[in-house]
1. Only residues that are within 17 Å of VAL101 (Cα to Cα) and either acidic (Asp, Glu) or touching a residue at least 60 places away in the same chain (Cβ under 8 Å) (or both): list them for segment 166-181, please.
2. For segment 145-170, enumerate the residues that are more than 27 Å from PHE88 (Cβ to Cβ) and surrounded by 15 or more Cβ atoms within 10 Å (Cβ to Cβ).
3. Tell me yes or no: at least one residue of segment 132-141 is touching a residue at least 60 places away in the same chain (Cβ under 8 Å) and assigned to a strand (DSSP E or B).
4. When the residues of segment 92-107 are filtered to those that are at pLDDT 80 or above and outside any strand (DSSP E or B), which remaining residue is surrounded by the most Cβ atoms within 10 Å (Cβ to Cβ)?
5. Of the residues that sit in segment 10-57 and are part of a loop (DSSP other than H, G, I, E, B), out of contact with any strand residue (DSSP E or B) (no Cβ under 9 Å at 6 or more places or on another chain) and without any contact (Cβ under 8 Å) to a residue 40 or more places away in the chain, which one is surrounded by the fewest Cβ atoms within 10 Å (Cβ to Cβ)?
6. Consider TYR89 carefully, then state whether it is exposed (fewer than 15 other Cβ atoms within 10 Å of the Cβ), of a type in the set (Ser, Thr, Tyr) and in contact with a strand residue (DSSP E or B) (Cβ under 8 Å, 6 or more places away or on another chain).
Amino acid sequence: MPSTEEYDFKGQLKYENYQFFFRKHWMHFLKPFFLMIPVFILIFIILLGLGRLSLMVDLVFIRVFYVLLATVITIVFLTIFFLQIINFYFDVVIVTDCRIVVARKTVFLRNNSDAIDLTKIQDIAVEAQGILRNYLRYGKLVITLSTSAPPITIQYVPNPHFYLEWTNRVKREHILQRQEKKKPTTHAEKQEEYLQDIHNLPVSQ
């Protein structure tokens, strides 16, 4: 379940109110590791061969080099692992009563943010094709804009149908609020506002 408590985020506008947010599905976090498995196996085989070679050769330099190489590779893999965890928490989608903010941020290399105005959204659809996506309950939201701009796709959305319905509800409420503000005031309402303004005038001493 997403958070609905009061929340202020960086870049929030003064007139907008936070509604909810969600992070990408955990498959987005594990995908780089699945792609690195062949590389990891290859490096492990190379290290295993170098380890046997260092035991066969009675040279201190070779053994020190092997230990140093294994240490560096281990540190690199651990660093990548923890950076992926941090990036997982940085990559969020925030929905307010005015717009959808897609924050794509990493620790060092990327700090991007896209905003989609709710009034410019023509349609939102869910695409969850394949056994894995439906079993693990994740997919992508395809946002079609009313302009000629190409559709915007948000990948690895957890429980996409749930967030589709929630986003559509926020969009409908936003449209109704805009329509209420655009309603013309009647003569009686104008007269009441005029009398209220007179009543609020300061009394001269």
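1. TRP166, THR167, VAL170, HIS174
2. Matches in segment 145-170: LEU145 only.
3. yes
4. CYS98
5. Per the criteria, the residue is LYS14.
6. Judged against the criteria, TYR89 is a match.
The values are calculated or read from the model by the stated rules, or taken from the named source; none is laboratory data. Just so you know, these numbers come straight off a predicted model, no measurement behind them. Reconstructed Cβ throughout: ideal geometry from the backbone, glycine too, with neighbour counts over all protein chains shown.
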